[in-house]
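The values are calculated or read from the model by the stated rules, or taken from the named source; none is laboratory data. Given the structure is predicted, the values throughout are model-derived calculations rather than measurements. No Cβ is skipped: glycine too gets one built from the backbone with ideal geometry, and neighbour counts run over all protein chains shown.
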Amino acid sequence: MLKEFKTFIARGNVIDMAVGIIVGAAFTSIVKSLVNNLITPLIGLFIGRIDLSNLVLTVGDAQFKYGSFLNAVINFLIISFVVFLMVKAINTFRKKEDKKTETPSEEVMYLKEIAELLKNNKNAG
């Protein structure tokens, strides 16, 4: 059983997953910092206040802190939008890199050669 566990842990995809989780945690702290320190205060300038945690509905002895829930929803939407923008920017960059490094396939090369031969025969005749 220990040998199987060692084999399982040594697999590349398990290690890749661990690296992904660690990088994801670090990325999460960067995005939270971006949202909390830059975006939320900027939105606060326009709206007036962002902290809704003071909003409470009291029924008898129970307190429903719906303001905290609204804060969580707003933070989620902001973080999701920021991540969307970042992924979109990364994908745009990757597409540009892919176009630079993209080499034509063999079929395309053959078709270009055939087109050149046909063009040369047409001009010669």
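Residues are listed down the side, and each one gets a yes or a no for (1) within 30 Å of residue 27 (Cβ to Cβ); (2) among the aromatic types (Phe, Trp, Tyr); (3) assigned by the TED database to the domain that holds residue 29; (4) out of contact with any helix residue (DSSP H, G or I) (no Cβ under 7 Å at 6 or more places or on another chain):
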{"site": "55", "(1), (2), (3), (4)": "no, no, no, no"}
{"site": "71", "(1), (2), (3), (4)": "yes, no, no, yes"}
{"site": "74", "(1), (2), (3), (4)": "yes, no, no, yes"}
{"site": "79", "(1), (2), (3), (4)": "yes, no, no, no"}
{"site": "82", "(1), (2), (3), (4)": "yes, no, no, no"}
{"site": "85", "(1), (2), (3), (4)": "yes, no, no, yes"}
{"site": "88", "(1), (2), (3), (4)": "yes, no, no, yes"}
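The criterion of being more than 16 Å from residue 86 (Cβ to Cβ), under 23 Å from the mean Cα position of the chain (by Cα), outside the structural domain of residue 86 (by the TED database) and not aromatic (Phe, Trp, Tyr) holds for residue 42.
Going through segment 48-60 one residue at a time, which ones are surrounded by 10 or more Cβ atoms within 10 Å (Cβ to Cβ) and either touching an Asp or Glu at 6+ places or on another chain (Cβ under 6 Å) or β-branched (Val, Ile, Thr) (or both)? Once the filter is applied, which keeps residues that are surrounded by 10 or more Cβ atoms within 10 Å (Cβ to Cβ) and either touching an Asp or Glu at 6+ places or on another chain (Cβ under 6 Å) or β-branched (Val, Ile, Thr) (or both), segment 48-60 yields 50, 56.
Among the residues of segment 15-37, write down those that are exposed (fewer than 12 other Cβ atoms within 10 Å of the Cβ) and modelled with pLDDT under 80. Matches in segment 15-37: 15, 16. Close contacts from segment 20-46, counting a first residue that is closer than 17 Å to residue 74 by Cβ and a second that is outside any helix (DSSP H, G or I) and of a type in the set (A, V, I, L, M, F, W, C), with Cβ to Cβ under 9 Å and a gap of 6+ residues or different chains, come to 40/50; 41/50; 43/50; 44/50.
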